[in-house]
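Student: Starting off with a structure, shown below.
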Amino acid sequence: MQQCPLFGWLAPLHNRAGATLQQLGSRIGLCTEPGFRAGADFLDLLVSVGCLAREGDGLGALYRNSEVANRYLVRGQPEYCGGILALNSDRSFPMFGYLPHALQHGEVPPEAFQRVPDILSTFGSDVGAAEFFAEGMTGASLGNFRLLAERFPFSRFASVGDLGGSAGCLACCVATRHLHMAATTYDLPPVHAAAERYVRSQGCEGRVQVVDYDFFSPDPVPAGHDVLTYGMVLHDWGLDKKILLLRKAYAALPPGGALIAIDHLVDDERRSSPIQLGMSLTMLLEFGRENAFDYSYKEFCEWARQVGFTSFELLCLVGTAKAAVAYK
Ligand SMILES: C[S@@+](CC[C@H](N)C(=O)[O-])C[C@H]1O[C@@H](n2cnc3c(N)ncnc32)[C@H](O)[C@@H]1O
């Protein structure tokens, strides 16, 4: 659960004119011994990708955050998305070492879960890990949920329930953009406190409710919403559970109600989806025995029709992310 302190330390609120390699080295623990060039290589790599700006050359050069870094990589900023990078670094990158085994044997080896804690225990029991995960998800999803709030016709609806809503990012985006909408974010108890904090930080207290709900429990999805959403949730599960989640949402919606699934949808022909299929393999590794996978819009429509939905729509979000909408 390491957060890189570099961008936070260089943030404008500290009023630093910039820092040399030597100063940054002692601050964030980079080796700066004479002749060891990797510290400078690392910082200049960050200059090359636009995360740092550098004034001058050589040992006297001053490094500052770029505008992009100040906006997205300083923890505590409203659009901070570094959480997903920390999550990838802690979980997805080490898990990818087990991909060859998973592809050869059809399962993730048990030792993988000694190295990286099983995601289901992260969701279900460990509050610290669940909150770290929630910060990562907010970083990954904020841009998508803002676009969803703009592009989906919420003006025709009254109430959204976001299932597996984590810190409440989707509910807050919709409630902020559409003042007439009631919004509830549902997730497991370990995320509850983080969600209450996030909702307060977005000024949405009183407008967004945080409710504990296990979507695999025998209890029906709470009624009263004419829009239900699964943000990056369906791809976490195998086919049977995907269909169960669709069925439960269908049962809870009124006629004319909408179910929205946000995921990185694979193209229907499966010929041009490197990011989405990489995501699918990540889900396989993260969810182990669940046999989780990403899917296409065509598959979504087939499954949704099977449980009773009658019409469908696709909205583009950020990059490869899409919102697949099914109407009851
Ligand atoms: C991949 S995250 C997506 C979070 C959020 N929707 C987003 O896109 O940023 C999956 C979420 O599902 C939640 N979850 C997992 N199992 C659940 C269950 N049985 N009932 C309710 N939520 C669950 C997790 O706690 C987690 O917040």
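The values are calculated or read from the model by the stated rules, or taken from the named source; none is laboratory data. The model shown is predicted, which means the values in this text are computed figures rather than measured ones. FYI the Cβ positions are ideal-geometry reconstructions off the backbone, even for glycines, and counts take in every protein chain you see. For accessibility, only protein heavy atoms count, side chains too; no ligands or nucleic acids. Shrake-Rupley method; radii C 1.70, N 1.55, O 1.52, S 1.80 Å.
Student: Sort through S166, S141 and tell me the only one that's on the phi > 0 side of the Ramachandran plot and assigned by the TED database to the domain that holds K248. If you could, list the steps in order and put the result at the bottom.
Tutor: On the way: S141 fails: on the phi > 0 side of the Ramachandran plot.
Answer to the check: S166.
Student: Within 10 Å of the ligand (Cβ to nearest atom) and assigned by the TED database to the domain that holds G319: which single residue out of D219, D214 fits that description?
Tutor: Selected residue: D214, the only one of D219, D214 that is within 10 Å of the ligand (Cβ to nearest atom) and assigned by the TED database to the domain that holds G319.
Student: Working carefully through the options E205, E131, E150, find the one that is acidic (D, E), away from the ligand (no atom under 14 Å from the Cβ), over 19 Å from I262 (Cα atoms) and open to solvent by 10 Å² or more (accessible area, probe 1.4 Å). Write out each step before concluding.
Tutor: Details: E131 fails: away from the ligand (no atom under 14 Å from the Cβ); E150 fails: over 19 Å from I262 (Cα atoms).
From the options E205, E131, E150, the qualifying one is E205.
Student: When you go through (1) crowded, with 17+ Cβ neighbours inside 10 Å; (2) assigned by the TED database to the domain that holds Y198; (3) away from the ligand (no atom under 16 Å from the Cβ); (4) in a helix (DSSP H, G or I) one by one for A69, which number turns out not to apply?
Tutor: The one condition A69 does not meet is (2).
The rows are residues; the columns are (1) out of contact with any strand residue (DSSP E or B) (no Cβ under 9 Å at 6 or more places or on another chain); (2) closer than 22 Å to A134 by Cα.
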| site | (1), (2) |
| --- | --- |
| V199 | no, yes |
| Y213 | no, yes |
| P220 | yes, no |
| Y230 | no, yes |
| L239 | yes, no |
| Y250 | no, no |
| D267 | no, no |
| R271 | yes, no |
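Student: In the range 155-191, how many are assigned to a helix (DSSP H, G or I), within 14 Å of the ligand (Cβ to nearest atom) and at pLDDT 95 or above? Show your work before the answer.
Tutor: Narrowing the range 155-191 to residues assigned to a helix (DSSP H, G or I): 155-156, 169-177, 189-191.
Checking which are within 14 Å of the ligand (Cβ to nearest atom) leaves us with 169-174, 189-191.
Checking which are at pLDDT 95 or above leaves us with 169-174.
Matching residues across the range 155-191 total 6.
One line per residue, one yes/no per condition, for (1) farther than 27 Å from L314 by Cβ; (2) in the same structural domain as G278 (by the TED database); (3) open to solvent by less than 20 Å² (accessible area, probe 1.4 Å); (4) touching a helix residue (DSSP H, G or I) at 6+ places or on another chain (Cβ under 6 Å):
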site: G161; (1), (2), (3), (4): no, yes, yes, no
site: R197; (1), (2), (3), (4): yes, yes, no, no
site: S201; (1), (2), (3), (4): yes, yes, no, no
site: R247; (1), (2), (3), (4): no, yes, no, yes
site: G257; (1), (2), (3), (4): no, yes, yes, no
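Student: Provide a single number: the residues in the range 20-44 that are surrounded by 12 or more Cβ atoms within 10 Å (Cβ to Cβ) and within 32 Å of the chain's Cα centre (by Cα).
Tutor: 10
Student: Still on this structure, I have one more. Filter the range 42-77 down to the residues that are touching a residue at least 60 places away in the same chain (Cβ under 8 Å) and more than 14 Å from A11 (Cα to Cα) and list them by number.
Tutor: The answer is none; no residue qualifies.
Student: Checking D267 against (1) surrounded by fewer than 15 Cβ atoms within 10 Å (Cβ to Cβ); (2) in contact (Cβ under 8 Å) with a residue 12 or more places away in the chain; (3) within 14 Å of the ligand (Cβ to nearest atom), which single condition isn't satisfied?
Tutor: (3)
Student: Pairs please, first residue from the range 91-108 and assigned to a helix (DSSP H, G or I), second anywhere and basic (K, R), Cβ atoms under 7 Å, 6+ apart in sequence or on different chains.
Tutor: P94/R115
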